[in-house]
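The values are calculated or read from the model by the stated rules, or taken from the named source; none is laboratory data. Treat the numbers as computed from the prediction; the structure is a model and nothing was measured. Positions of Cβ are generated from backbone atoms using ideal geometry, with glycine treated the same way; all protein chains shown enter the neighbour counts. Side chains included, ligands, DNA and RNA excluded: accessible areas come from the protein's heavy atoms. Shrake-Rupley method; radii C 1.70, N 1.55, O 1.52, S 1.80 Å.
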Amino acid sequence: MKQKKRKKPSLALKFLFVVALIPAAIVAFTLLAVMAYSSYGDTVKETVQKGQDQMFEVPFPEENIALYQEAAERYDIPWTLLAAHHRIETKFSTMDPLLSPVGAEGHMQFMPCTFVGWSHPTCSGQGQGKIPEADKTNPQVIAKYGGYGVDANGDGVADPYDLADALYSAANYLAQNGAAEGDLEQAIYRYNHSDEYVEDILHYYGRFEEQYNNS
């Protein structure tokens, strides 16, 4: 008995088969391209970040570590978080003058009303206030109006332009706004209401932790 020969697929069927495969091939190629681009994008982003860090970096003042640690220990927060704020706020006090265009003062850039207390009768808006200069650094006035200013060295003055006072005051603020309970992001955001600011602080906090606390 003769076996019937199988008919070869027509050219039209072959064409339809190839066409049917094209969408799957496109999808596979697209997925591979997206994965490659994503990986490449992450690499580029990391490279750019490192380049920016090197370009705009200022030397870490290791002579301040003891003071960071003292202030942070007093208020039960990470000293590296305090150092990160010092870096972002005034580039470790290398900014000149230590006064922002909106009126934030000193090494850690406190608005007068935050330093002295928002219950001060002149405080409103962004917090510049019209507080007499003598009252701005008076611990009794600060206690009266519920500010965060601290007389760290016991000289009877809480001065945002004194590094010790400024760091203790910043540690006080961060602690009372969540950092002492471990909620660093909340404390950072309340220091400056900006998601980008939170990211910047956490970036340096992580760097300082890795460099000084993981060795």
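Within the group N213, N192, which residue is open to solvent by 60 Å² or more (accessible area, probe 1.4 Å), out of contact with any Gly (no Cβ under 8 Å at 6 or more places or on another chain) and at pLDDT below 95?
N213
Could you tell me which of the residues I77, I88 is part of a loop (DSSP other than H, G, I, E, B), of a type in the set (V, I, T) and either under 17 Å from the mean Cα position of the chain (by Cα) or at pLDDT below 95 (or both)?
One residue alone meets the criteria, I77.
Got a sec? Which of T80, T114, T90, T122 is touching a Lys or Arg at 6+ places or on another chain (Cβ under 7 Å) and of a type in the set (S, T, N, Q)? It would help to see each step written out before you state the result.
On the way: T80 fails: touching a Lys or Arg at 6+ places or on another chain (Cβ under 7 Å); T114 fails: touching a Lys or Arg at 6+ places or on another chain (Cβ under 7 Å); T90 fails: touching a Lys or Arg at 6+ places or on another chain (Cβ under 7 Å).
One residue alone meets the criteria, T122.
Just to check your reading of the model, which residue among G178, G125, G146, G106 is surrounded by fewer than 19 Cβ atoms within 10 Å (Cβ to Cβ) and touching a Leu at 6+ places or on another chain (Cβ under 8 Å)?
Working: G125 fails: touching a Leu at 6+ places or on another chain (Cβ under 8 Å); G146 fails: touching a Leu at 6+ places or on another chain (Cβ under 8 Å); G106 fails: surrounded by fewer than 19 Cβ atoms within 10 Å (Cβ to Cβ).
Answer to the check: G178.
If F115 satisfies every condition in (1) open to solvent by 70 Å² or more (accessible area, probe 1.4 Å); (2) outside any loop (DSSP other than H, G, I, E, B) but one, which is the exception?
(1)
How many residues does the range 118-169 contain that are of a type in the set (A, V, I, L, M) and farther than 17 Å from L82 by Cα?
Taking the range 118-169 as the starting set, the residues that turn out to be of a type in the set (A, V, I, L, M) are 131, 134, 141-143, 150, 152, 157-158, 163-164, 166-167.
Subset that is farther than 17 Å from L82 by Cα: 131, 134, 141-143, 157-158.
The total comes to 7.
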